[in-house]
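For reference, the structure discussed in these notes is given below.
Only the coordinates and a few stated rules stand behind these numbers; no lab work does. The structure presented is a predicted model; accordingly, all values stated were derived computationally and were not measured. Heads up, the Cβs are rebuilt from the backbone with ideal geometry, glycines too, and the neighbour counts pull from every protein chain shown.
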Amino acid sequence: MTSPQAYLRPLERCVLTMRDEGQTVSEIGRRINRSPEHVERIIAWTELPRTGPAPRKYPRALESSVLRLRARGESYDQIGTRFRRSPRFIRQVEGLAHYRLAVDLLS
C-alpha cells in the first residue's frame, strides 16, 4: 500500500514539512515566494482525497530511450537533436532516470 505522502507534489510535501516544524503560514509563504493565502490553499489541497495511480518509480518511455541511446554512446547533443530538446534537458532526463532506477532498487 502506498502512503498518502507519495501522492503529494514536492511543493506540497515541503509546505507540510515546514508547517509541522512550527513555521507560520506567513513564514512559509515568504520562503516559497507565495502569499499566505496561497499557502493555506496548498495545505487545504493536501487534505483532499487523491485518486489515480501511485507515482511511478521506474523510468518513463523518454527516460528509457535516453538511457538506451546514452549506452550506445550517443552524445547529449545528438539525442537532443533527435528529440528536439536541448542537451541540458536530455542530461536532466538521464539524471531523473538514474534516480528512479536507484529508488526502485531500494524499495
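Quick notes on this structure:
- Using C-alpha pairs under 8 Å with a sequence gap of at least 6, the mean separation divided by the residue count of the chain gives a relative contact order of 23 percent.
- Selection from 25, 98, 87, by position along the positive dipole direction of the chain (Cβ): 87
- Spin-label model, residue 102 to residue 16: label points 7 Å out along the Cα-to-beta-carbon direction sit 2.4 nm apart.
- Length-normalised contact order for segment 61-106 - Cα pairs under 8 Å, 6+ apart - percent: 40
- Angle in degrees between helix 36-46 and the longest Cα principal axis of the chain, rounded to the nearest 10: 70
- Couplings 3J(HN,Hα) of segment 9-20, computed from phi: 6, x, 5, 5, 4, 5, 4, 5, 4, 5, 5, 5 Hz, in residue order, whole Hz [Karplus 6.51 cos²θ - 1.76 cosθ + 1.60, θ = phi - 60°; x for Gly and Pro].
- Separation of the residue 30 and residue 85 label points, Cα + 7 Å toward Cβ, nm: 3.8
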